[in-house]
Amino acid sequence: MRMKKVYINSIASISSQKTFDNSIFLDEITDYNDTVIFAQDPDYKQYIPPASARRMAKGIKMGVVASKIAMAEAGIETVDAIITGTGMGCMIDSEKFVSAIIDNNEQYLTPTSFIQSTHNTVAGQIALGMECKAYNFTYVHSAISFESALLDAKMQLENDEAQHILVGGVEELGAHTTEVHRVINQIKPEAVTIPEVLNSKTEGAVFSEGANFFVVSNEKKENCYAELVAVETFNTLQKEKVSETIESFLNENNLKSNDIDVVVFGNNGDVDFDGYYNQLSQGIFSKTQQVFYKHLVGENNTVSAFGVWLASKILKTQTIPEIVKINDIESEEIKTILCYNQYRGQNHSLVLLKKC
């Protein structure tokens, strides 16, 4: 049986930039001078009744709206599966519930925050909204949560077990958890602006939140963004093995490093871990056009989904915004893009996309 091809037919992103409008592509950039950045909210009441929205934490609202934008662009009413990835889940409600336990000496607790604190709340709310009773799954795999969801969707579509699948990644910022990350030096010690992130020479990253959703299908629609060729993840990978691993990944897909037109890196300005990308940009991809995105949207467990959003948008529009370029190499035509991400030296992921 021949495996079916997999296509990204629609995309949606709610991030620290104004990305929820698909008709523009990073045209106006919102600068910041901070160590933690929040998502820019679309007009939620266009998508969710205000009475429901009031009871939803930010992560749920972002996930529900991003999924609605993706579904509308794909022109479909329902899907055969909803698969999400989240590293930290619904942090705000988790914090509320645990704080209430402490403040009330474990008595008189209302269950609402507990019910909404589970990692799969977002996927559940999306399913309720579209009355979808199909396969509903949430992956919680740290910085490869989104890729795990994408891989699951890809295998189902290739084997013709589903036709249209909604895949996404969601993270929200909780005040207490953010403080914990600060204490263990995973957040930058002093505020930085967009141009300073990459050269900040300090440890830690700029933390953020957001939701990125895609409708992936095994049939190519007219508004197709990209073909999803391959996804691979590695929990641990030694720095000196990264180039070799990427070359063998490309080799499995009948490609060499010079066949890649654009490479999307996950540099976040952490002086201890950006070396993984630097050795590639100076090594096997030194003659390849390179782009990055975390200076615009920060770092979180599923921000690599924004990298896939960026790659999809580049393939469809055949343009690259100046703000994301690392080097000056230009490609005549952009046919093949590789996204590579890792977080603190672990959970490496490779996503290979081709022009539709």
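The values are calculated or read from the model by the stated rules, or taken from the named source; none is laboratory data. Please read these numbers as outputs of a predicted model, since none were measured by experiment. Here the Cβ is made from the backbone with ideal geometry for all residues, glycine too, and neighbour counts use every protein chain on show.
Annotations for the structure displayed:
- Put simply, of N341, N327 the only residue that is of a type outside the set (D, E, K, R), under 23 Å from V242 (Cα atoms) and surrounded by fewer than 24 Cβ atoms within 10 Å (Cβ to Cβ) is N327.
- Residue match in the range 92-113 (condition: aliphatic (A, V, I, L, M), in contact (Cβ under 8 Å) with a residue 60 or more places away in the chain and touching a Phe, Trp or Tyr at 6+ places or on another chain (Cβ under 7 Å)): no
- Among the candidates K294, K325, residue that is basic (K, R) and more than 14 Å from the chain's Cα centre (by Cα): K325
Okay, residues lined up against (1) at positive phi; (2) outside any helix (DSSP H, G or I); (3) among the acidic types (D, E):
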{"site": "I48", "(1), (2), (3)": "no, yes, no"}
{"site": "S52", "(1), (2), (3)": "no, no, no"}
{"site": "M56", "(1), (2), (3)": "no, yes, no"}
{"site": "M62", "(1), (2), (3)": "no, no, no"}
{"site": "I76", "(1), (2), (3)": "no, yes, no"}
{"site": "I83", "(1), (2), (3)": "no, yes, no"}
{"site": "G89", "(1), (2), (3)": "yes, yes, no"}
{"site": "V122", "(1), (2), (3)": "no, no, no"}
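- Number of the condition not met by P189 [criteria: (1) modelled with pLDDT under 95; (2) assigned by TED's automatic domain parsing to the domain that holds D21]: (1)
- Any hit, the range 41-54, residues being assigned by TED's automatic domain parsing to the domain that holds E172, surrounded by 15 or more Cβ atoms within 10 Å (Cβ to Cβ) and closer than 26 Å to E322 by Cβ: yes
- Out of K154, K96, K68, sole residue that is surrounded by 15 or more Cβ atoms within 10 Å (Cβ to Cβ) and either assigned to a strand (DSSP E or B) or out of contact with any helix residue (DSSP H, G or I) (no Cβ under 8 Å at 6 or more places or on another chain) (or both): K154
- Exactly one residue out of F146, F97, F114 is in the same structural domain as S15 (by TED's automatic domain parsing) and touching a strand residue (DSSP E or B) at 6+ places or on another chain (Cβ under 6 Å), and it is F146.
- All of (1) surrounded by 18 or more Cβ atoms within 10 Å (Cβ to Cβ); (2) over 20 Å from the mean Cα position of the chain (by Cα); (3) part of a helix (DSSP H, G or I) hold for R182 with one exception: (1).
- Each residue in the range 1-20 was checked for being in a loop (DSSP other than H, G, I, E, B), under 17 Å from F306 (Cα atoms) and either touching a helix residue (DSSP H, G or I) at 6+ places or on another chain (Cβ under 7 Å) or free of Cβ contacts under 8 Å to residues at least 12 places away in the same chain (or both), and 4 pass.
- The range 65-84 residues that are outside the structural domain of G168 (by TED's automatic domain parsing), paired with ones that are surrounded by fewer than 24 Cβ atoms within 10 Å (Cβ to Cβ) (beta carbon under 6 Å, 6 or more apart): none
- A count restricted to the range 281-324 and to residues that are of a type outside the set (K, R), surrounded by 19 or more Cβ atoms within 10 Å (Cβ to Cβ) and more than 23 Å from A205 (Cα to Cα) stands at 8.
- Filter result (surrounded by 12 or more Cβ atoms within 10 Å (Cβ to Cβ) and either of a type in the set (F, W, Y) or assigned to a loop (DSSP other than H, G, I, E, B) (or both)) within the range 190-210: A191, T193, S200, E203, G204, V206, F207, S208, E209
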